[in-house]
Amino acid sequence: MLHIRPHQAEPESAPSPARQIVPLLAVLLTVVVGAGFGIYAVWLAAIGAPAQWVSACGPLLLLAGVALNIYGTERETGGVTQLASFSANALTGFAAAQMAGGSQRVAAAVLICVVLLLQVGGPAIVTASRRSTIWVRHLPGYKDSKNPVNWRDALLIIEWIAPLAGIGTLCTGSALWWLTGAALATALGLATAGHIAWTNLRLGRTQAQLIRSIRAYDPEFILYTARPDDASYQLAMWLPYFERTGKRFLIVARSVDAAEPIAAMTAAPVLQLRTQRSLEWVLTPSMGAAFYVNASSGNNAFVRHPGVAHVYIGHGDSDKPPSYNPTHAMYDRVFAAGEGAIDRYAAHGVSIPRDKFVIVGRPQATDIDVVSGPGMPAGKRPTVLYAPTWRGHVGATAFQSLHLGEGIVRALIARDVNVLFRPHPFSYEFPEDAATIARIHEILASDQQSSERKHTFGAPAEKHLNAIECMNESDAMISDVSSVVSDYLYSGKPFAMVAISEPPDAFARTYPIAQGAYVIDDALTNIDDVLTHMLGTDEKFAARWQTRSYYLGDFPAETYDQVFPQAVIDAIALGVAKQNSAAPDDLDSDASDSPDQGADDEDEAAASGATTAVGRLLLMARGGLRLTVMRNFLRQILPVTIASASVVHPSWLWSAAATVFVLGGLIEVARRHRTRSVPLRTLYGTQAASWLAIALSFSLALPGDVALRADKFFAFPALALVVACAAFLVDFRGAVASGLPGLRVPATSGPLIVALAGITTLVAYLVALVTLAVGALSSSGLPPTLVGILVVLAALANASVFGYGIVQAWRSATDRVQLHDLVESYGPQFAVYFGATTGADYQYGMWANYFDRIDRKYVVVTRSERMRQLIASMTSAPVVLSPTLRSLDDVDAASLSTVFYVNNAVRNTHMVERAQLVNVWLNHGDSEKPACFNPVHAIYSYIFAAGQAGIDRYARHGVSIPRDKFKIVGRPQVENIEPVRAERDESLPRTVLYAPTWIGPYSDTDVYSLPVAAALIERLLQRNVRVIFRAHPLNYTKPVACGLIEDVQEVLARDAGETGREHLWGRTAESDMSIVDCFNASDAMICDISAVISDYLQSVKPFAVMAMGASREELLAKVPAAQSGYVVDGSLNNLDEILDQLLGPDPLASDRVAMRKYYLGDYPPENYANHFLDEARRLIDAGRRP
């Protein structure tokens, strides 16, 4: 696979401000200087005086800026790469156009337009390529997939073909060089876009074939890894023992980078299943169990399926936190090597029922040579294995001794031993660790040349030998807190552990395996004594044998490796039994019945009711225009086309036309600032506006055949580039937070000078455009009048903003270094964790008031900037963006005791992993959807349930969670819902709330009624009712659903115009009114299976539930609350009968009173919310776990 961009590992701690800012500043200055040379080169070409060295400097410096941005900065700034590439294409293209004549100039204009549009459309192409990815190896009946293409990197190469060819044009004066390169880039770009489009069109057929092949193979279990990178070693250690079971199995990965190396080492079928729905394809009739080799957050996506036995096996046994991760509670079984692994959970306060554990030993250990007694072998120089672990994702797993490795290796050499050095493979992902490894290699190589010692390191130790073979080659080992220690324990050979985290005495108590080890302190002060004992009399030999049985299981040696395969077979039988005992549930549709499922928007098209390929295609095309990447592309087509047309016939008219579109874009940004609180600084050089400014500058700079002067030519293109680059500095945030005391640069800061500089530049441009239009611009150049003054003012303002951006960026980088200290000083007692990338407006919004009413200091943690902005507009509490695993350490203050979770985001596990915290599941509603009985909820310390129904729901669906984890606290959000009115004015039309749910990410959440909504509303209107239509907000993330919503809104708008009925929909019903307002304004409700049913019960008003894809009996069994309401068939066949009861006598009114207590708790309406508030305060005040 093509890889230009390297994998960038997260640093152990926040880099210094200099490390964060200086590389970025160097990139921006390189881009500005390169663009300046490019502009000058274009001017020279335009006047017929090209200079070769200048010609080469522009594109080459821009390319250097891209390379420095990718390889030199802490993390690539994608906008800078795109800006530099766009600038290079625009500059060389306009230069070639100046040198071309006749038909060549027309060709140049066309190629400029296509090349630039391909570039701005690159994000849309990459998005489409990800949607269509299917990668399969070794699956019977299905052709092996080819090695995938990294389209993002491929497009970057294509983008630079024309600029590099343009160097030849600028150096020789012949436009043919650039024309050839641009034609090649155009052909490759269009071919790429066409290939991806064709692949997407054939996606349904391809997926159907894959589903048929999976069902024909009918696996009995799967091995699952959700890691996005190559972690094949985690599966490799288990594959031989799974193969011994004789059962059919698949290996499922979630990325091609993870799947490729796995496929290279096994003949078993390997699939990359990217989307959540595609995981359902492997739920075949014989599927009994899924085995998980790591605790990746993506495991949640499959664990949610209760008809399979989910088994955590890990990839090694150690005393590190990953081996007692609280998230392991969500699995049906946890395979443990020995009793020590089970006790480890309880010792760290992690509660998992004992019957979930199965002791299986470590079958890999049977290949390890075992010694019979203490002491080094006679007659040969001892070999000591040094195997340090890696630094881990977070501070809690930072046990590596590699930074002490040079001292350890030198101490070993001084003892005249052979050193076998095998670092953890992940250590190479961190530059400083890779450098340490290289220095150790140098030490060993130098000693080997000057002595008789035979050291093993590099490829011989890490590639030619596996971990077990390294253990067998050695006579003793030095490591740290790592799984290699547990495996080495099987050999009986002596080993030492480096106590990184605490003194040796305390270390042995914290990590019991060290009771059979020699312990080296973290300053290496006792390493000589340790080596004397370890390589000498070895007094720890007896203690190691006792520890061995405790950690690795007490099984006979001759049958030791048979325990694990039998446990696998038992787990498969458990899963089959779960399937057989489960009640049929037709609401959970089998994905194999819908062969087009797998890619999110195609899933949605299928769920929308489109039954033909053409219908689905039209629905997706209709909705595709709503995608952000597509909208950004469409906005730039006309301006880029106009700027390209000005090449053929330069005129101020082209500039004027393009200016209209730029002004429209700025007005849109200003509108978003007013309505959505988008930071005002985005007025100053958004990425797209920067690109357009360059194109417009050239439209203005080439007015007809007038003689061109450098001062006129440089002014606006140079200002455009400074605007663009200054914007990146102004937007830079090392720490992205708001409301946090002591923060130097809040996320939304942007002084007035930023807006003034941008406005000054725009005014100068407009004045120059008007001057040009009235003919004031002549061959003598720009007169020293208002235009010149404005240009100077704009230049000074932009230079000031550039300088301000440097200072502001440095201060924000300092915030990042000190973020943890700032959070510690603030002292939050609880946190609200929001791991999703959408839905904060209602998922967090419904709880915001109650978090404030808890009356304790708190912080909100988000994983995406968009959600941070939205939540910050709803609370005065600090809101911190923590995008990476390690950045979560910054918000884990010592005062923090409790974390609340309001959705099922897969990345919730990243915070739950901190076992000292009390993690509380709240959700954002109470319903009968699978999201409300997800087996993953077992990972939380407590589950707050509204009523007994919320507890019974889990057991009813075969999800086993200990009862003591549940707390009945009611639903505080219903405290303001008004009860049904005893009397109403019958002369007024009844008001019916229609509140459909969203399509959901899985086939078993396809219970939404939007596909029949328009017909439903038409039938309601025939009853002379007033309709409140409130669509689920997540529907607006689905293009096809947006189209269905528009259909309903058109029906309501037409009826309102014809009858005068005051229907409510759109912003009025979904933003201006809360869901409670909608409840109170209605007399009855029609909805889908969703949380609105439980909440509406508080009113005791009549409601009806849509049975989509299920019979009435099936829905009533699935949704007990519906027994106190009415059920509408998904085909609407019984709608008239139901409306008669819903809007008439309502015979189920008394049933809803009892159902309300069952679902919402038996609490009086007075002070209803206090039950939640009191329980939350009790947990928070109890403090952190020990």
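The values are calculated or read from the model by the stated rules, or taken from the named source; none is laboratory data. As the structure is a computational prediction, the values presented were derived from the model and not from experiment. Note that each Cβ is placed from the backbone with ideal geometry, even for glycine, and that neighbours are counted across all protein chains shown.
Is there a residue in region 363-377 that is part of a loop (DSSP other than H, G, I, E, B), without any contact (Cβ under 8 Å) to a residue 12 or more places away in the chain and assigned by TED's automatic domain parsing to the domain that holds Phe495? No, every residue in region 363-377 fails to be part of a loop (DSSP other than H, G, I, E, B), without any contact (Cβ under 8 Å) to a residue 12 or more places away in the chain and assigned by TED's automatic domain parsing to the domain that holds Phe495. Of the residues making up region 73-89, those that are within 21 Å of Val730 (Cβ to Cβ) and of a type in the set (Gly, Ala, Ser) number 4.
Each residue in region 227-253 was checked for being farther than 20 Å from Pro565 by Cα and either of a type in the set (Phe, Trp, Tyr) or at pLDDT 90 or above (or both), and 1 pass.
A single entry from Val912, Val899, Val906 fulfils the requirement of being aliphatic (A, V, I, L, M), at pLDDT 95 or above and not assigned by TED's automatic domain parsing to the domain that holds His305: Val899.
Among the listed residues Ile968, Ile939, Ile951, identify the single one that is free of Cβ contacts under 8 Å to residues at least 60 places away in the same chain and over 24 Å from Ala1081 (Cα atoms).
Unique residue meeting the criteria: Ile951.
Every condition in (1) surrounded by fewer than 16 Cβ atoms within 10 Å (Cβ to Cβ); (2) assigned to a helix (DSSP H, G or I); (3) of a type in the set (Ser, Thr, Tyr) is met by Tyr551 except one, and the failing one is (1).
Being within 16 Å of Val110 (Cα to Cα) and hydroxyl-bearing (Ser, Thr, Tyr) is the filter here, so list the residues in region 171-206 that pass it. Passing the criteria: Thr180, Thr186. Note on region 159-229: enclosed helices (runs of 4 or more DSSP H) holding 3 or more residues that are under 25 Å from Gly298 (Cα atoms) are 203-217.
Mind telling me which of the residues Leu1020, Leu1034 ends up being over 21 Å from Ala1081 (Cβ atoms) and part of a helix (DSSP H, G or I)?
Working: Leu1020 fails: over 21 Å from Ala1081 (Cβ atoms).
Testing whether each residue is over 21 Å from Ala1081 (Cβ atoms) and part of a helix (DSSP H, G or I) leaves just Leu1034.
Where helices (runs of 4 or more DSSP H) sit wholly within region 468-540, none has at least 3 residues that are under 36 Å from the mean Cα position of the chain (by Cα) and of a type in the set (S, T, N, Q). In region 113-141, of all residues being touching a strand residue (DSSP E or B) at 6+ places or on another chain (Cβ under 9 Å) and either part of a helix (DSSP H, G or I) or aliphatic (A, V, I, L, M) (or both), the one that is farthest from Arg205 (Cα to Cα) corresponds to Leu139.
Of the strands (runs of 3 or more DSSP E) lying entirely inside region 1068-1181, those containing at least 3 residues that are within 22 Å of Pro979 (Cβ to Cβ) and touching a residue at least 60 places away in the same chain (Cβ under 8 Å) are 1084-1087. Of the set (1) part of a helix (DSSP H, G or I); (2) of a type in the set (A, V, I, L, M, F, W, C); (3) modelled with pLDDT of 90 or more, all apply to Leu420 but (1).
Look at (1) among the β-branched types (Val, Ile, Thr); (2) under 16 Å from Leu1016 (Cβ atoms); (3) out of contact with any Lys or Arg (no Cβ under 9 Å at 6 or more places or on another chain) and you find that Ile1089 fails only one, number (3).
Being modelled with pLDDT of 80 or more and buried (at least 21 other Cβ atoms within 10 Å of the Cβ) narrows it down to one residue among Ala45, Ala56, Ala97; which is it?
Ala97 is the lone residue from the list that is modelled with pLDDT of 80 or more and buried (at least 21 other Cβ atoms within 10 Å of the Cβ).
Applying the set (1) in contact with a Phe, Trp or Tyr (Cβ under 8 Å, 6 or more places away or on another chain); (2) closer than 15 Å to Ile939 by Cβ; (3) of a type in the set (Val, Ile, Thr) to Ile313 leaves exactly one unmet item: (2). Look at region 899-920: where a residue is part of a helix (DSSP H, G or I) and a partner is aromatic (Phe, Trp, Tyr), sitting 6+ places away or on another chain with Cβ atoms under 7 Å, you get Asn908/Tyr833; Asn908/Tyr901; Met911/Tyr833; Val912/Tyr940.
Only one of Asp1129, Asp1095, Asp1136 is among the charged types (D, E, K, R), over 41 Å from the mean Cα position of the chain (by Cα) and in the same structural domain as Ala1015 (by TED's automatic domain parsing). Can you tell me which?
Asp1136
Inspect all residues belonging to region 206-228 and state whether any of them is crowded, with 18+ Cβ neighbours inside 10 Å and acidic (Asp, Glu). Scanning region 206-228 turns up at least one residue that is crowded, with 18+ Cβ neighbours inside 10 Å and acidic (Asp, Glu).
Just the residues that are under 20 Å from Trp238 (Cα atoms) and of a type outside the set (A, V, I, L, M), please, taken from region 325-338. Selection gives His328, Tyr331, Asp332, Arg333, Phe335, Gly338. The single condition among (1) touching a residue at least 24 places away in the same chain (Cβ under 8 Å); (2) closer than 30 Å to Thr275 by Cα that Asp144 does not satisfy is (1).
Residue count for region 1036-1089 under the criterion of being surrounded by fewer than 18 Cβ atoms within 10 Å (Cβ to Cβ), among the hydrophobic types (A, V, I, L, M, F, W, C) and in contact with a strand residue (DSSP E or B) (Cβ under 9 Å, 6 or more places away or on another chain): the result is 2.
Quick check on region 134-150: of everything there that is at pLDDT below 90 and not polar (S, T, N, Q), which residue is surrounded by the most Cβ atoms within 10 Å (Cβ to Cβ)? Within region 134-150, the match that is surrounded by the most Cβ atoms within 10 Å (Cβ to Cβ) is Ile134. Exactly one residue out of Asp153, Asp144 is within 30 Å of Ala268 (Cβ to Cβ), part of a helix (DSSP H, G or I) and touching a His at 6+ places or on another chain (Cβ under 9 Å), and it is Asp153.
Yes/no per residue for (1) touching a His at 6+ places or on another chain (Cβ under 7 Å); (2) within 19 Å of Ser323 (Cα to Cα); (3) modelled with pLDDT of 90 or more; (4) crowded, with 22+ Cβ neighbours inside 10 Å:
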position	(1), (2), (3), (4)
Gly492	no, no, yes, no
Val498	no, yes, yes, yes
Ala506	no, no, no, no
Pro512	no, yes, no, no
Asp521	no, no, yes, no
Val530	no, no, yes, yes
His533	no, no, yes, no
Gln546	no, no, no, no
Val563	no, no, yes, no
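Among the residues of region 455-489, write down those that are touching a Lys or Arg at 6+ places or on another chain (Cβ under 9 Å) and hydrophobic (A, V, I, L, M, F, W, C). Correct list: Phe457, Ala461, Leu465, Ala467, Cys470, Met471, Ala476, Met477, Val481, Val484, Leu489. Residues in region 63-97 that are among the β-branched types (Val, Ile, Thr) and part of a helix (DSSP H, G or I) were compared, and the one that is farthest from Glu429 (Cα to Cα) is Thr92. Among the residues of region 821-838, is any under 28 Å from Trp998 (Cα atoms), out of contact with any strand residue (DSSP E or B) (no Cβ under 7 Å at 6 or more places or on another chain) and surrounded by fewer than 17 Cβ atoms within 10 Å (Cβ to Cβ)? Yes, there is a match, as at least one residue in region 821-838 is under 28 Å from Trp998 (Cα atoms), out of contact with any strand residue (DSSP E or B) (no Cβ under 7 Å at 6 or more places or on another chain) and surrounded by fewer than 17 Cβ atoms within 10 Å (Cβ to Cβ).
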